[in-house]
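Enquirer: Quick one: structure below, then a few questions.
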Amino acid sequence: MEWNVLTDALRESGALSVDWEPAFRAVPRRLFVPDLIHHGGEWIDRTERPVEWGELVASDIPLVTRLDEDGSTPSSSSSMPTVVARMLRHLQVADGMRVLDIGTGAGWTAALLARRLGAENVTTMELDPELSGAAWCRLVAHCLPARTVVGDGMLGHPADAPYDRVHVTAAVQRVPGALIEQTAPGGVIVVPYGTAFCNGGLLKLTVADDGRSASGPFVEDVAFMWVRDQRPGSGEFEIEDVRHGPSELDPAAVAAHTDAAFAIGLRLPGLFRQEVWAGYDRFGTGRFEVWDGVSYAHCRLADWDGRHAVSQSGPRNLWDEVTAAHAWWRRQGEPGLARFGLTVTVEGEHRVWLDEPERVVGG
């Protein structure tokens, strides 16, 4: 699919707003994608497979550009064009605004911002010096020399603050107070947000007049790579003194329903989940596991209401808590992601709310 064809599709779908269309047409993604991309379990080299590389780059898919040391976990990518367009639309920029772009990666989003607002108004941050240097070379080569900074984006870049807008391209579980402090009152922060239970949602925060807090709704269902120091860890626990019983909740109602999973994650922060095939179990069945690093529980996917379908261990009855959180979500009318929001203070307090900031969601 050629870039102009994809841009037409983004515009027609409503993802790409009118004010961003000229920048998308002037700065196609191929100018900011490295020669090596990881797709379908293999590296695609532009010099060896130029046609396939070009087709992938012009497609509406994310492109992995770097893997962690383990050789399997993506650590950098060029985001899906639809998601890029939607995030920039939610940023609601205007001429003359100053933007902090966190997560430079290959540099495409920074380039779009520089084209739209002028390179002098864009500061882009990247933790990886190699990625930052390569992005800087691309930005300069295409006459879009945004200020490119190597550093931890979660600390912001106070030298260029205050910013009118902050744009983050990695998921967080906690919004740093530094980003609020470095955003002008009335400014907007757009950041992917998730929990260990469900990653995630796109959060749009507006900074309060006093500059001490920011609040706003979740506006899109998106999933991003985690900020490195906020990646959910697997936790460690010992399974002992196991308590068995039936389940009141079909685990498929959680596993297959993003809105339910997102709500449960907001109600039960710090709770991990996974679906596994437990071949070693004498029942030989798939099961839904949850744990918090101390307590553990699982529920069989088949025969979930059987006498021994649920196993729970540790000080918390985690499956009971998941069941209660799901029941709460049902009582609220099964709210979608967009009905939830978050208020964050510079001191680090996070308050999840439903429909309005005054209606705080308790754990």
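Enquirer: Just to be sure I understand: with springs between alpha-carbon atoms less than 10 Å apart, which residue in Ile264, Ile61, Ile189 has the highest mean-square fluctuation in the Gaussian network model of the chain?
Expert: Highest fluctuation of the listed residues: Ile61.
Enquirer: Ranking Thr47, Thr124, Thr183, Thr285 by Cβ neighbours within 10 Å, fewest first, what do you get?
Expert: Result, fewest neighbours first: Thr47, Thr285, Thr183, Thr124.
Enquirer: What full-extension length gain, to one decimal in nm, is calculated for Arg228 and Ala94 as 0.36 nm per residue of separation minus the Cα-Cα distance?
Expert: Using 0.36 nm per residue and subtracting the Cα-Cα distance, I get 45.2 nm.
Enquirer: What's the exposure ranking of Thr148, Thr73, going from fewest to most Cβ atoms within 10 Å?
Expert: If I rank by nearby Cβ atoms, fewest first, I get Thr73, Thr148.
Enquirer: What are the radius of gyration and Dmax of the chain, computed over its Cα atoms and given in Å?
Expert: Cα-based Rg and Dmax for the chain come out at 22.0, 67 Å.
Enquirer: What spacing in nm lies between the two simple spin-label points modelled at His39 and Ile61, each 7 Å away from Cα in the Cβ direction?
Expert: With each label point 7 Å from Cα toward Cβ, the separation is 0.5 nm.
Enquirer: Here's another thing I want to ask about it. Loop-only GluC sites (Glu not before Pro) in the range 1-105, please: DSSP not H, G, I, E or B, and at most 13 other Cβ atoms within 10 Å.
Expert: Glu2, Glu48, Glu69
Enquirer: Quick one: if the Förster radius is 30 Å, what FRET efficiency do Glu358 and Ala302 give, using the C-beta to C-beta distance and rounding to 0.05?
Expert: Computed FRET efficiency for Glu358 and Ala302 comes out at 0.10.
Enquirer: Please give the FRET efficiency for Thr47 paired with Val18, using the beta carbon to beta carbon distance and R0 = 41 Å, rounded to the nearest 0.05.
Expert: Here the calculated transfer efficiency is 0.65.
Enquirer: Gaussian network model of the chain, Cα springs within a sub-10 Å range: biggest mean-square fluctuation belongs to which of Leu301, Leu179, Leu127?
Expert: Sorting by GNM fluctuation, first place goes to Leu301.
Enquirer: Taking R0 as 41 Å, what's the FRET efficiency between Ala324 and Asp209 from their Cβ-Cβ distance, rounded to 0.05?
Expert: Working from the Cβ atoms, E equals 0.60.
Enquirer: Counting other Cβ atoms within 10 Å, keep those with at most 15, restrict to DSSP loop, and tell me which trypsin sites (Lys or Arg not before Pro) in the range 131-182 are left.
Expert: Those satisfying the criteria are Arg174.
Enquirer: Each label point is 7 Å from the Cα along the Cα-to-Cβ direction; what then is the distance between the points at His244 and Glu347, in nm?
Expert: Each label point is offset 7 Å from its Cα along the Cβ direction, giving 4.9 nm.
Enquirer: What's the long-distance tail for the range 3-169, i.e. % of Cα pairs beyond 25 Å?
Expert: Roughly 28 percent, rounded to a whole number.
Enquirer: Please state the charge dipole magnitude for the range 243-331, taken about the Cα centre, from unit charges on C-beta atoms (+1 on K and R, -1 on D and E), reported in debye and rounded to the nearest 20.
Expert: For this selection, approximately 120 debye.
Enquirer: Sort out for me the Cα centre separation of the range 287-303 from the range 193-265, rounded to whole Å.
Expert: Their Cα centres are 16 Å away from one another.
Enquirer: Which of the GluC sites (Glu not before Pro) across the range 276-363 are loop residues per DSSP, with 11 or fewer other Cβ within 10 Å?
Expert: Taking the range 276-363 and a limit of 11 other Cβ atoms within 10 Å, the loop GluC sites (Glu not before Pro) found are Glu347, Glu349, Glu358.
Enquirer: Can you tell me which of Val346, Val175, Val190 moves the most in a GNM of the chain? Springs connect C-alpha atoms under 10 Å apart.
Expert: Answer for the Gaussian network model of the chain: Val346.
Enquirer: Turning to a different aspect of this structure: Using helices alone, what [θ] at 222 nm do you get for the chain, with -39,500 (n - 2.57) per DSSP H run of 4 or more residues, divided over all residues and rounded to the nearest 500?
Expert: -7000 deg cm²/dmol
Enquirer: Let me ask something additional. Once you keep just the Cα pairs under 8 angstrom separated by 6 or more residues, what percentage relative contact order results for the chain?
Expert: It comes to 11 percent, rounded to a whole number.
Enquirer: Fewest first, what order do Ile102, Ile239, Ile180 take by the number of other Cβ atoms within 10 Å?
Expert: Ile239, Ile180, Ile102
Any read-out appearing in this document is the output of simple, stated calculations on the displayed coordinates, not a laboratory observation. Bear in mind that the values here come from a model prediction, so they are computed numbers and not experimental data. Neighbour counts run over all protein chains shown; Cβ positions are idealised from the backbone, glycine included.
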